[in-house]
Amino acid sequence: RWDHLFDLKPIALVDHLLDEVARLLAKDLQAWPPPVQDLDVATLGEFAPLFTDVTRRPDPAVYTEALRLARWDLAREFDAFDDYVRNKRYLERGLSPDDRVPLLFLTRWLTEQMLGLGEATQGRIKRPLMRNCLDRLEARLDAPPPLPQA
């Protein structure tokens with residue numbers, strides 16, 4: 001009965017951790033805006049309307065672009081990041097000018113989540129693995145929703 005378990009390839013602990021983090025982040029991203037700890041509206045600056053006003057959930061393309069920017073931030077590709085924002089490259093990607101604030105907020109939120117993961121693991125999860133986690137998150141966000149159970 002249990003013989004097939006010996007044939008299964010073991011999953012590395014890091015892979016399991018990254019999958020679990022991606023799953024939890026995908027769950028957090030189902031809500032808009034995603035949860036923020038220690039929310040202080042006075043220090044939110046341009047992001048304050050996301051929390052004080054009723055705003056619509058951004059289109060999936062905003063999440064895709066935020067993941068791109070967060071990966072660049074974690075890879076320290078600051079020139080690419082700055083060029084993208086300064087020259088409004090998000091408009092070329094089909095986003096609207098109104099998507100700028102949610103895009104920047106999601107980018108910061110994702111980056112902070114990854115850096116928090118690095119801190120929580122006492123530096124064991126480094127930036128390349130953080131980017132890998134964002135790849136896993138994107139795959140979860142792109143996956144079709146599960147079919148309802150009958």
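The values are calculated or read from the model by the stated rules, or taken from the named source; none is laboratory data. These numbers were taken from a predicted model, which means no experiment stands behind them. Ideal geometry is used to build each Cβ from the backbone, glycine not excepted, and the neighbour counts take in all protein chains shown. Side chains are part of the model used for accessible areas, which takes the heavy atoms of the whole protein and leaves out ligands, DNA and RNA. Shrake-Rupley method; radii C 1.70, N 1.55, O 1.52, S 1.80 Å.
Annotations
- Look at where the Cα atoms of region 114-131 and of region 52-109 average out, and the two centres are 22 Å apart.
- Accessible surface of the chain, 1.4 Å probe, proportion on carbon and sulfur as whole %: 54 percent
- Spin-label model, residue 140 to residue 61: label points 7 Å out along the Cα-to-beta-carbon direction sit 2.5 nm apart.
- Of 85, 63, 113, farthest towards positive along the dipole that unit charges on Lys, Arg, Asp, Glu beta carbons give region 41-119: 63
- Entry for mean projected area of the Cα convex hull in nm² (calculated from the structure that is shown) out of [x] 12.7; [y] 8.1; [z] 9.2: [x]
- Each of 123, 52, 103 was scored by the projection of its Cα onto the charge dipole of the chain, and the greatest displacement toward the positive side belongs to 123; charges sit on the C-beta of Lys, Arg, Asp and Glu.
- Whole-Hz ³J(HN,Hα) from phi, Karplus 6.51 cos²θ - 1.76 cosθ + 1.60, for region 16-29, glycine and proline x: 4, 4, 5, 5, 5, 5, 4, 5, 5, 5, 4, 5, 4, 6
- Structure-based [θ]222 nm, the chain - -39500 (n - 2.57) summed over DSSP H runs of at least 4, per residue, nearest 500: -18500 deg cm²/dmol
- In this structure the chain gives 68 Å² per residue of accessible area when probed at 1.4 Å with all protein chains present.
- Trypsin sites (Lys or Arg not before Pro), loop per DSSP, at most 13 other Cβ atoms within 10 Å - longest free stretch of the chain: 2-55
- Cα-centre dipole for region 63-150 with unit charges at Cβ (Lys and Arg positive, Asp and Glu negative), debye to 20: 240 debye
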